[in-house]
Amino acid sequence: MSDTQPRRAWSSRRTLAAVALAVAVVLAGCGAGGQPTTAGPGADISAADVRADVLAAVDGTDSYAVTGTTNVTVLANNQEQRVTVERETRVDRASQAFVTDQTTRVLGRTTEAEVYLQDGVFYQRSDAFVQAYSSEWIKQDVSDNRSQAFRTADLLQQVTVSIENATALSLNGTAQVDGTEAYVLEADVNGSAVEAYALGSLQSSGLGGSVDVTDAALTVYASTETGEPLRVVSTTNASLSLQDQRIDVRSVSDARITAEPVSVTLPEGASTAVNASTALGA
């Protein structure tokens, strides 16, 4: 193996870890209970009122679609790397199933991937798997930890946990989201609790290490009519210790949510998936 191959392998592993960490902390958000809430100047409705409406709307949502982008800045070994991840996800909460079409752009390269969770099995498809597995498809049996695997894609679970347990919650007026009037509900998130959530999500992605979240915040744009989350913006600063290396990650995620019926069906190619103990080979 040439000396460039280990570096490429580590770079790929580091990028995977950084992206997984960004997704994990974006799909996280826990804090200590009993936090203060405030309303915008002159508002007739409080942040607590909006929170209650959002929680009720989320509780009544069995399935939904998400379109979003996460921009990640990775700092490691005094080098900065920027990663952009675009996702379209369909989530079936009742069946704990989802499908994600994902595009990752890093170092001028674009990688397309598909991710499925169905019947307790985690499937992924990407050209990047061919060299390691001689197959575009890999799979993992996560039936023993299905809920943890599912939460890597369930954005509404993030909304619920974050606003129920925010360290500070405020209402910052209203805004338009694709032509719909929405309340702007802002939450500061307790880093220590996010770390535990993020670490579990990393482990479900086949990655280990420790996580340190320095700060995290979430903004929910909720319909003034129904309380349904229409848009979720999350910002996070965190670091990951992986293989004796420290990786600092700054991420901003912006997602649009549409409550609608969802069907998760595996394509024919998934039947050829190779068993894998990790999401990607090292």
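The table that follows gives values for the structure above.
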quantity: Pairs, first more than 17 Å from VAL72 (Cα to Cα) in the range 101-123, second in a strand (DSSP E or B) and aliphatic (A, V, I, L, M), C-beta under 6 Å, six or more apart; calculated: TYR116/VAL99; LEU117/ALA97; GLN118/ALA97
quantity: Selection within the range 93-152 - within 17 Å of VAL66 (Cα to Cα), among the small types (Gly, Ala, Ser) and surrounded by fewer than 16 Cβ atoms within 10 Å (Cβ to Cβ); calculated: ALA94
quantity: Those residues of the range 61-94 which are of a type in the set (Lys, Arg), within 27 Å of SER241 (Cβ to Cβ) and in contact with an Asp or Glu (Cβ under 8 Å, 6 or more places away or on another chain), in sequence order; calculated: ARG87
quantity: Single match in SER251, SER234 (criterion: over 16 Å from VAL74 (Cα atoms) and within 19 Å of the chain's Cα centre (by Cα)); calculated: SER234
quantity: Of all residues making up the range 58-96, the number that are of a type in the set (A, V, I, L, M, F, W, C) and either more than 29 Å from ASN237 (Cα to Cα) or free of Cβ contacts under 8 Å to residues at least 40 places away in the same chain (or both); calculated: 1
quantity: Single residue of the range 66-89 satisfying the filter (more than 13 Å from the chain's Cα centre (by Cα) and crowded, with 16+ Cβ neighbours inside 10 Å) that is farthest from ASP254 (Cα to Cα); calculated: ALA76
quantity: Residue check, THR152 in a loop (DSSP other than H, G, I, E, B) and within 26 Å of LEU218 (Cα to Cα); calculated: yes
quantity: Residue list for the range 187-215, restricted to those being modelled with pLDDT of 85 or more and surrounded by 19 or more Cβ atoms within 10 Å (Cβ to Cβ); calculated: ALA187
quantity: Complete set of residues in the range 42-63 that are assigned to a helix (DSSP H, G or I) and under 15 Å from ASN172 (Cβ atoms); calculated: ALA47, ALA48, ASP49, VAL50, ARG51, VAL54
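Okay, residues lined up against (1) over 22 Å from GLU260 (Cβ atoms); (2) assigned to a strand (DSSP E or B):
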residue: ALA65; (1), (2): no, yes
residue: VAL74; (1), (2): yes, yes
residue: GLU112; (1), (2): yes, yes
residue: GLN124; (1), (2): yes, yes
residue: GLN131; (1), (2): yes, no
residue: GLN140; (1), (2): yes, yes
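The values are calculated or read from the model by the stated rules, or taken from the named source; none is laboratory data. Since we're looking at a predicted model, the values are computed, not measured. So basically every Cβ, Gly included, is an ideal-geometry build from the backbone, and we count neighbours across all protein chains shown.
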